[in-house]
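Below: the structure, in structure tokens.
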Amino acid sequence: MQTKRTIFPNKVLPYFLLAPQLVITGIFFFWPAGQAIWQSFLREDAFGFKTTFVWLANYTALFEDPNYLNSLQVTLVFSVCVAALSLGLALLLAVCVDRLIKGASGYTTLLLWPYAVAPAIAGVLWWFLFNPTIGILPFIMERLGYNWDHALNSTDAMILVVVAASWKQISYNFIFFLAGLQSIPLSLREAAAIDGAGPFKRFFTITLPLLSPTSFFLMVVNVVYAMFDTFGIIHATTEGGPAQSTNILVYKVYADGFIGLNLGSSAAQSVILMGIVILLTFVQFRYVERRVAY
Amino acid sequence: MATISLEEVRKIYAGGVEAVKGVSMDIADGEFIVLVGPSGCGKSTLLRMIAGLEEISAGTIRIGDRVVNRIDPADRDIAMVFQNYALYPHMSVYNNLAYGLRNRGVPKDEIDRRVKEAARILEIGAFLERKPKALSGGQRQRVAMGRAIVREPAAFLFDEPLSNLDAKLRVQMRVEIKRLQKSLGTTSVYVTHDQLEAMTLADRLVVLNGGAIEQIGDPISVYEQPASTFVASFIGSPAMNLIPVSVRDGRATLDSETAAGGSGLSGPDLANGAGYTLGVRPEHFVPASERPADPGDLSLTVTTTVLEPVGAESYLYATIGGDSAANGTVANSAAPHVVIRVPAAARHQPGEVLSFTAPADRIHPFDKATGKRIPR
């Protein structure tokens, strides 16, 4: 693609124009990231009296810690579930709205609202709905013979956080899927209909493959979301419990560092997280453009 | 192979707009029918109703002897070529052709045989493994045709298939479509807004206007005997000249003629009265000097405005009336304009006053109020 280029005659001006962005990135990203990396090599007592340089001891300790390995597994399960649930439901809703002629914009607007809700509020909302004492859903489930208690049951807790986290993300996925669907020419689906493909076959052999760039993009975005942006939801609902069953990596960084005051380990964990983000971003930029189905 | 018959077919959209107003016609087995008309005349809607992509509000459509009103597009045994080709972008050319056959459970070796055969006929064998994106416009057009012919359907439906091609390729593909249709002998319905495409391809033309049929007939008879002023002005390029006149005692007078303007017209044997439109094709005017006017001929004096050479011939744009006051520099905007075909060698200057006649049998009289042809 040809982009328009401007040549600055003044040597200083371009740097001056870039400065605000660079300053913000520097102060809010590079500085804390550097601090985290430095901190991850240190061991400090809880009161900050004594600091020792311990090389990679924090990292080796992490990978021998069953709690950390558990947290990795929990994060994996959580991310996959959130991505699958929110992508699946969003696609279903988008396909439904795509068929609408009347009222599509009304539905779209309503479906977008959850995205505007802050994660912590979403967490509290679902915490109320699922509250074993006062919530409406456990009340109904009890009638159906299931005793819901996310404070005691690990599976219940995981379901709660997955539902709360997915609910918020559905809006985002929905709007992308809808845009993706609407960019597929109607004549392709008509041609497929004449070619003898039923509605389901049409969806799986024509629509879905043509949506694959959108789906892939959203999958990466959703995994990133589930891994990093769900802190508020976890914090407002289960706080990582019961028995570490919803303690995802991001929450563990916070819990170990600020509750447990093990700053070295917390820093090492955030450095690992940073590595994961870098990897995901790389995958996104590298393949989202290329892995286009056609 | 099948006949297609439409009986009082209507399309009324949810908003109450009637896009197709009771169309009836019978298409013979193996016939090439072209639906032609300006945009919004309902030709595409009609085609899509035959295909089953658009619900039929009223009337009956039969393919063969089966009423297909409630039958899915897939089960109507038709194949359609879309304006934008609608090739599946994520499939190779081979899979594009094979898709419809696979969906119908045709055995693998049979699919392979048919795809190879279609590729041979359309000369796309070299591209079978490519994706549509890697093909040129003309090649995509061939693949779209191929997808239709591998199915060996009862009828082909074409929805303006050539309108995305450049002029040269369009002519080439036009010839090819006609040749292909003749050799396969498959009943075809072809929609276009291009009257030249319609004339050259059709066994029979169906001229549509405002959702209703204006005229059905073979291209030459539609050209020579247009049923209405609409058909007269739509078929043929440049369009037929339409001159509004009144007739008194065997003399036609221009409606817009002013006392000062003098008579620009004399002519045909029609009953006295106002409200005629006379149609004359540009090629039917002869210089008055070469052909003395017989009774019943139309003779007219014109002032030239523009000469448009197209190579083999030239078209002379002129206003009726030899008004010297206008003197060619300012066209008399009230007087009707005419287009006259002249030899390529003609060197007329703007403002020249010339006389032409048109023979009586080349004058098409229409009723001005209804636009319908007046039989003579």
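The values are calculated or read from the model by the stated rules, or taken from the named source; none is laboratory data. What you see is a predicted model; the values in this text were computed from it and never measured. Please note: Cβ atoms are built from the backbone with ideal geometry, for glycine as well, and neighbour counts cover all protein chains shown.
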### Task
Mind listing just one residue for me: the one in the stretch A:76-115 that is not charged (D, E, K, R) and not in a helix (DSSP H, G or I) and, of those, surrounded by the fewest Cβ atoms within 10 Å (Cβ to Cβ)?
A:101
## Note on the structure
Okay, strands (runs of 3 or more DSSP E) sitting entirely in the stretch B:260-376 with 1 or more residues that are under 15 Å from residue B:247 (Cα atoms) and modelled with pLDDT of 85 or more, I get B:273-280, B:364-367
### Message
Scan the stretch B:130-138 and tell me whether some residue there is touching a Leu at 6+ places or on another chain (Cβ under 9 Å) and in contact (Cβ under 8 Å) with a residue 60 or more places away in the chain.
### Response
no
## Note on the structure
Result of the Cβ filter at 9 Å on the stretch B:185-200, keeping first residues that are at positive phi and partners that are surrounded by fewer than 23 Cβ atoms within 10 Å (Cβ to Cβ), at least 6 apart or interchain, is B:185/B:1; B:185/B:29; B:185/B:30
### Task
Within the stretch B:197-221, count every residue that is touching a helix residue (DSSP H, G or I) at 6+ places or on another chain (Cβ under 9 Å) and in a helix (DSSP H, G or I).
7
### the stretch A:178-206, subset more than 10 Å from chain B (Cβ to nearest Cβ) and buried (at least 20 other Cβ atoms within 10 Å of the Cβ), residue nearest to residue A:279 (Cα to Cα)
A:180
### Task
Considering each of B:61, B:121 in turn, give the residue that is aliphatic (A, V, I, L, M), in contact with a strand residue (DSSP E or B) (Cβ under 6 Å, 6 or more places away or on another chain) and surrounded by 14 or more Cβ atoms within 10 Å (Cβ to Cβ).
B:61
### Search result, residues across the stretch B:98-145 that are within 12 Å of chain A (Cβ to nearest Cβ), assigned to a helix (DSSP H, G or I) and among the β-branched types (Val, Ile, Thr)
B:143
### Tally of residues being touching a helix residue (DSSP H, G or I) at 6+ places or on another chain (Cβ under 9 Å) and part of a helix (DSSP H, G or I) across the stretch B:41-93
7
### Query
Checking residue B:152 against (1) touching a residue at least 60 places away in the same chain (Cβ under 8 Å); (2) farther than 30 Å from residue B:238 by Cα; (3) outside any helix (DSSP H, G or I), which test does it fail?
(1)
## Note on the structure
Here the residues within the stretch A:60-75 that are crowded, with 17+ Cβ neighbours inside 10 Å and under 11 Å from residue A:265 (Cα atoms) are A:62, A:68
